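Asks: Below: one structure in structure tokens.
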Amino acid sequence: MPSSNTLRIAFAGTPEFAVPCLDAVIACGQTCVGVYTQPDRPAGRGRGVAMSPVKERALAAGIPVFQPENFKSDADRQVLRDLAPDLMVVVAYGLILPGKVLAIPRHGCWNVHASLLPRWRGAAPIQRAIESGDAESGVCLMQMEKGLDTGPVLLVRLTSLGSDETGGSLHDRLSALGADTLAEGIHLLVSGHLPAARPQPIEGVTYAHKLDKAEAELDFRRDAQALSRQVRAFQPWPVAETRALGERLRIHGAAAVPGVSGEPGQLLRADRDGLLVACGDGGLLLTRVQREGGKVVSAGDYLNARPELRV
């Protein structure tokens, strides 16, 4: 049985990114009184209705799950009031919480955000950091307020970005780092040593708009370095693609090659090392590709199927 001074924590999250944070709440020795997640929706090729990863984890742990469309009705807010949470933790929930909800928990609502605020507020901070060539990223534990990711910050944890960093690899690292940071924040709150929340500076505010599949098309008039970052940022979704080689190809691996020139989109070289395509500045070496309806293969295996491209 939890002690009378145990924190009552509500959790709100939806995708896989949020699951380690939910695990941190479960493991922190406090009481997780309920989990909020997005309603079940069609997913996959069969478009069958699927539970969110957070819902699956909560049910496995025996935690009550709530799935309101939003918190606009007082009935939905009353359910949260009845849970009597001391704190609500929000991680990639997918809903903007109104002020009436933020005011319900005694300690308010915390958000684990995957960027170094105020840089990359918004929906896709992981991918935008890679796409823009940032040298580092991290997570912020933030006290939520009405604005989009504008609240004061309690804890910050940094991590360097590798030259081969992808959206998928950084997603996984920041998901784990976010869980560790959240666990530290809960420990500090319980022990009475939580640092004062620091307002975000006005300088350096940028927004990470939601990823759109229309962005996946590679424009070879751009700089090769920028295209290389785009390929890495858009792994594993939406995956960069091109029609430059006479068919639609999804690009799963590529590297910028300086010091080469040609008409943007021109195939300069094709061998087992890759398909070198001229860009506005430099060239992009395509190393792992996928034909429509096919598997991801190396450039060499692709050329076995398209020997006429060898240059």
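Asks: In the list GLY13, GLY99, which residue meets the criterion of being under 19 Å from GLY151 (Cβ atoms) and exposed (fewer than 13 other Cβ atoms within 10 Å of the Cβ)?
Replies: Numbers: GLY13 fails: exposed (fewer than 13 other Cβ atoms within 10 Å of the Cβ).
Exactly one residue qualifies, and that residue is GLY99.
Asks: OK, next. Tell me yes or no: at least one residue of the range 160-170 is in a helix (DSSP H, G or I) and touching a helix residue (DSSP H, G or I) at 6+ places or on another chain (Cβ under 6 Å).
Replies: Yes, the range 160-170 contains a residue that is in a helix (DSSP H, G or I) and touching a helix residue (DSSP H, G or I) at 6+ places or on another chain (Cβ under 6 Å).
Asks: Within the range 191-272, considering only strands (runs of 3 or more DSSP E) that don't extend past its boundaries, which have at least 2 residues that are over 30 Å from VAL153 (Cα atoms) and of a type in the set (D, E, K, R)? Break it down into steps so the answer makes sense when it comes.
Replies: On the way: elements: 240-242, 249-257, 267-271.
The strands (runs of 3 or more DSSP E) meeting that bar are 267-271.
Asks: Considering each residue of the range 226-260, count those that are in contact with a Cys (Cβ under 9 Å, 6 or more places away or on another chain) and more than 22 Å from SER298 (Cβ to Cβ), and give that number.
Replies: Looking only at that region, the number is 1.
Asks: Filter the range 199-217 down to the residues that are more than 30 Å from SER228 (Cα to Cα) and loosely packed, with under 15 Cβ neighbours inside 10 Å and list them by number.
Replies: Within the range 199-217, the subset more than 30 Å from SER228 (Cα to Cα) is 199-202.
Passing the criteria: PRO199, PRO201, ILE202.
Asks: In the range 132-143, is there at least one residue being over 23 Å from THR166 (Cα atoms), aliphatic (A, V, I, L, M) and more than 18 Å from the chain's Cα centre (by Cα)?
Replies: no
Asks: Hey, which of the strands (runs of 3 or more DSSP E) in the range 13-93, taking only ones fully inside, have at least 2 residues that are under 21 Å from HIS107 (Cα atoms) and over 23 Å from the mean Cα position of the chain (by Cα)? Break it down stepwise before answering.
Replies: Working: elements: 31-36, 41-43, 48-50, 87-91.
Answer list for the range 13-93: 31-36.
All of the numbers you see were taken from the coordinates with simple rules; none came from a lab. Everything quoted here is computed from the prediction, not taken from an experiment. With ideal geometry, Cβ positions are generated from the backbone for all residues, glycine too; neighbour counts draw on all protein chains shown.
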